[in-house]
Amino acid sequence: MAGLHRGAVVVDCAASDLGGNVEGSTVGQIVTEDGVKVIGAPYLASEVATTASNLLSRNVADILTHFIVDGALAVRPDEELDQAMIVAGHKPLNAQKEA
């Protein structure tokens with residue numbers, strides 16, 4: 001923790017009574033050590049899997065809805081979203097907008 005800045009947050013996704021991946025983590029608790037918060041989050045993956053799956057499927061459905069116009073696939077290279085999603089075809093693979 002000594003190398004981290006004050007205010008940093010570390011989440012131990014493997015916290016358990018047998019240990020974890022982060023020294024100083026405590027199961028189900030938030031511990032502050034040298035200004036760094038350590039969250040002992042047991043079973044984190046099992047708690048967020050359903051939510052993450054729902055969010056991903058919603059994003060995919062929204063993208064498909066965008067690309068289906070009047071019941072057919074419609075790619076509009078002049079639209080910003082389409083430009084960001086096209087990886088091959090109407091533009092070179094390495095084409096990116098400048099920041």
Handout entry: Output for segment 3-14, where each listed residue is at pLDDT below 90 and among the aliphatic types (A, V, I, L, M)
Key = L4, A14
Handout entry: Identity of the residue in segment 34-61, among the charged types (D, E, K, R) and in a helix (DSSP H, G or I), that ends up modelled with the lowest pLDDT
Key = E47
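Do we have V31 as aliphatic (A, V, I, L, M), over 30 Å from L73 (Cα atoms) and either assigned to a loop (DSSP other than H, G, I, E, B) or in contact with a helix residue (DSSP H, G or I) (Cβ under 7 Å, 6 or more places away or on another chain) (or both) here? If you could, list the steps in order and put the result at the bottom.
Details: aliphatic (A, V, I, L, M): yes; over 30 Å from L73 (Cα atoms): yes; either assigned to a loop (DSSP other than H, G, I, E, B) or in contact with a helix residue (DSSP H, G or I) (Cβ under 7 Å, 6 or more places away or on another chain) (or both): no.
No.
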Exercise for the section: Go through the residues of segment 63-80 one by one and say whether even a single one is modelled with pLDDT under 85, hydroxyl-bearing (S, T, Y), exposed (fewer than 11 other Cβ atoms within 10 Å of the Cβ) and out of contact with any Ser or Thr (no Cβ under 8 Å at 6 or more places or on another chain). Expected result: no
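From the residues in segment 6-61 that are acidic (D, E) and more than 18 Å from the chain's Cα centre (by Cα), which one is surrounded by the fewest Cβ atoms within 10 Å (Cβ to Cβ)?
So the first thing to find is which residues in segment 6-61 are acidic (D, E), and the list is 12, 17, 23, 33-34, 47.
Okay, now just the ones that are also more than 18 Å from the chain's Cα centre (by Cα), so 17, 23, 33-34.
On the way: D17: 8, E23: 11, E33: 15, D34: 11.
The extreme case among them is D17.
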Exercise for the section: Scan segment 61-74 and report the pairs whose first residue is in contact (Cβ under 8 Å) with a residue 24 or more places away in the chain and whose second residue is exposed (fewer than 11 other Cβ atoms within 10 Å of the Cβ) and polar (S, T, N, Q), with Cβ atoms within less than 7 Å and a gap of 6+ or a chain change. Expected result: none
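The values are calculated or read from the model by the stated rules, or taken from the named source; none is laboratory data. The model shown is predicted, which means the values in this text are computed figures rather than measured ones. Note that each Cβ is placed from the backbone with ideal geometry, even for glycine, and that neighbours are counted across all protein chains shown.
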